[in-house]
Amino acid sequence: MGRKEEFDPQVIATTLMGCVQETFEKMCHVSFSQTPEFHAKEIIEYDSRMRIFGLEKFNGPCYMSFLNFYFNQKDFEAKKCCGVMVLYIEEEAAEKLVRALGQSGLDAEDPEIILDTCGEFCNVIAGQFKNELRSFGYMDLVISAPLKYHNIIPEGVDFPYSEHKQYELMFYLWKQKVVVVDMVMAPVPHVTQ
Amino acid sequence: MKKILVVDDSGVQRKMIIQIIKKAGFDNEILEAADGNQAIETLAANFQDVGIVLCDWNMPNMSGLEFIEAVAKVPAVASIPIVMVTTEGTDEKIAEAKAANPNLAGYIPKPFTPDQLKETVAPILSAAG
């Protein structure tokens, strides 16, 4: 176990952008139509949870999935998270992405299937992100199973209380903003490889 | 013809894997399990017929790592080829999986393309008959 270092937001953003792009390119064979956008903004907290409201991301309905990151299994069991990632996919785009899975034979008109698929996208993106962090010499994080919602997460999401900023990344497909990822991440310790 | 066992807690992921295998031209019967416990039960009931296991790592109840470790300890099933299909893609995790089951036949990090899955699975299935 080593020292904690402040994350460079740009590094988080660049790494996460790469993970999102690779996931959709490999799974759905789609390419983003413009460079993703990145903003840092204040976390809105309510009742010790991070407020999540999907409708404001696209001015319309969306599918959402989130999961938490933990430093280790003990923290996972104690529900003491070090990070959270929320994936939002605009409703019509989510249907298109399920169809774009191509060989899957999934029913793109079944909301439950679309929700499950969003959860799988979230899981794969987060898995890649943690692998990337590990390859940069950071601790190998534990991730929770993704939870899935439509439009809103009424109870909000757990987040690391040490953090005040969240990073918002916006992705464009078919010339429209259709995918947004919010991430909050506490500084992760460096460890010896 | 040997059966294929797909182990993943995501129904969507199982369906995607199955469709890729079918579209690659393999008509083998496909068995499904949502965690390591279900996989052990399924394997116990079909151990003479299963020709390959495709297994996720992170699953509830019993993880993929625990499952492949358990399989390696039972002579009747230890030689069944297992391919890990998982988001756990670091060199350390791959080494951990190989240590848990020395007969590990392949490792496919998610996300994967249909071609990546086909290229790994096809020779194993062809050899299994």
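Scanning segment B:22-46 for residues that are within 17 Å of B:LEU125 (Cβ to Cβ) and in a loop (DSSP other than H, G, I, E, B) yields B:ALA24, B:GLY25, B:PHE26, B:ASP27, B:ASN28, B:GLU29.
Considering only segment A:89-107, state which residues are surrounded by 15 or more Cβ atoms within 10 Å (Cβ to Cβ) and farther than 15 Å from A:HIS29 by Cβ. Across segment A:89-107, the qualifying residues are A:ILE89, A:GLU90, A:GLU91, A:GLU92, A:ALA94, A:GLU95.
Let's see how each residue does on (1) part of a loop (DSSP other than H, G, I, E, B); (2) without any contact (Cβ under 8 Å) to a residue 40 or more places away in the chain; (3) within 17 Å of A:VAL20 (Cα to Cα); (4) under 17 Å from the mean Cα position of the chain (by Cα):
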position: A:GLY105; (1), (2), (3), (4): yes, yes, no, no
position: A:PHE129; (1), (2), (3), (4): no, no, yes, yes
position: A:ALA145; (1), (2), (3), (4): yes, no, no, yes
position: A:LYS148; (1), (2), (3), (4): no, no, no, yes
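Would you mind finding the one in B:PHE67, B:PHE112, B:PHE47 that is within 14 Å of chain A (Cβ to nearest Cβ) and hydrophobic (A, V, I, L, M, F, W, C)?
Just a single option satisfies the conditions, and that option is B:PHE112.
The conditions are (1) surrounded by fewer than 18 Cβ atoms within 10 Å (Cβ to Cβ); (2) facing chain A (nearest Cβ under 10 Å), and B:ASP8 fails exactly one of them. Which is it? Failing condition for B:ASP8: (1).
Residue by residue through segment B:1-21, note down the ones that are without any contact (Cβ under 8 Å) to a residue 40 or more places away in the chain and touching a strand residue (DSSP E or B) at 6+ places or on another chain (Cβ under 8 Å).
From segment B:1-21, those without any contact (Cβ under 8 Å) to a residue 40 or more places away in the chain are B:11-12, B:14-16, B:18-19; that's our starting set.
If the condition is that a residue be without any contact (Cβ under 8 Å) to a residue 40 or more places away in the chain and touching a strand residue (DSSP E or B) at 6+ places or on another chain (Cβ under 8 Å), then B:ARG14, B:ILE18 are the ones that fit.
Scanning segment A:150-191 for residues that are outside any strand (DSSP E or B), more than 15 Å from the chain's Cα centre (by Cα) and farther than 20 Å from A:ILE12 by Cα returns A:ASN151, A:PRO154, A:GLU155, A:TRP174, A:LYS175. Taken over segment B:81-103, the residue count meeting the criterion of being at pLDDT 95 or above and either within 22 Å of B:ALA45 (Cα to Cα) or part of a strand (DSSP E or B) (or both) is 7. For segment A:52-80, filtering for residues that are part of a loop (DSSP other than H, G, I, E, B) and closer than 22 Å to A:MET170 by Cβ leaves 5. Picking from residues in segment A:102-132 that are at the interface with chain B (Cβ under 9 Å from one of its Cβ atoms) and touching a Cys at 6+ places or on another chain (Cβ under 6 Å), the one that is nearest to B:SER10 (Cα to Cα) is A:ILE125.
So which residues in segment B:95-109 are within 13 Å of another protein chain (Cβ to nearest Cβ), more than 21 Å from B:ARG14 (Cα to Cα) and hydrophobic (A, V, I, L, M, F, W, C)? Hit for segment B:95-109 is B:ALA95, nothing else. Based on this model, can you work out whether B:PHE26 counts as of a type outside the set (Gly, Ala, Ser) and more than 21 Å from B:LYS110 (Cα to Cα)? Taking the combined requirement at face value, the residue satisfies it. Of all the residues in segment A:24-44, those that are under 20 Å from A:PHE159 (Cα atoms) and in contact (Cβ under 8 Å) with a residue 60 or more places away in the chain number 6. Going through (1) part of a helix (DSSP H, G or I); (2) more than 14 Å from chain B (Cβ to nearest Cβ); (3) modelled with pLDDT of 90 or more one by one, A:LYS41 falls short only on (1).
Within segment A:48-79, the set of residues being of a type in the set (S, T, N, Q) and surrounded by 17 or more Cβ atoms within 10 Å (Cβ to Cβ) comprises A:SER65, A:ASN68. When each of B:GLU66, B:GLU41, B:GLU29 is tested for being without any contact (Cβ under 8 Å) to a residue 24 or more places away in the chain, surrounded by fewer than 21 Cβ atoms within 10 Å (Cβ to Cβ) and out of contact with any Pro (no Cβ under 7 Å at 6 or more places or on another chain), the lone residue that passes is B:GLU41.
The values are calculated or read from the model by the stated rules, or taken from the named source; none is laboratory data. Computed from a predicted model, the values in this text were never measured in an experiment. FYI the Cβ positions are ideal-geometry reconstructions off the backbone, even for glycines, and counts take in every protein chain you see.
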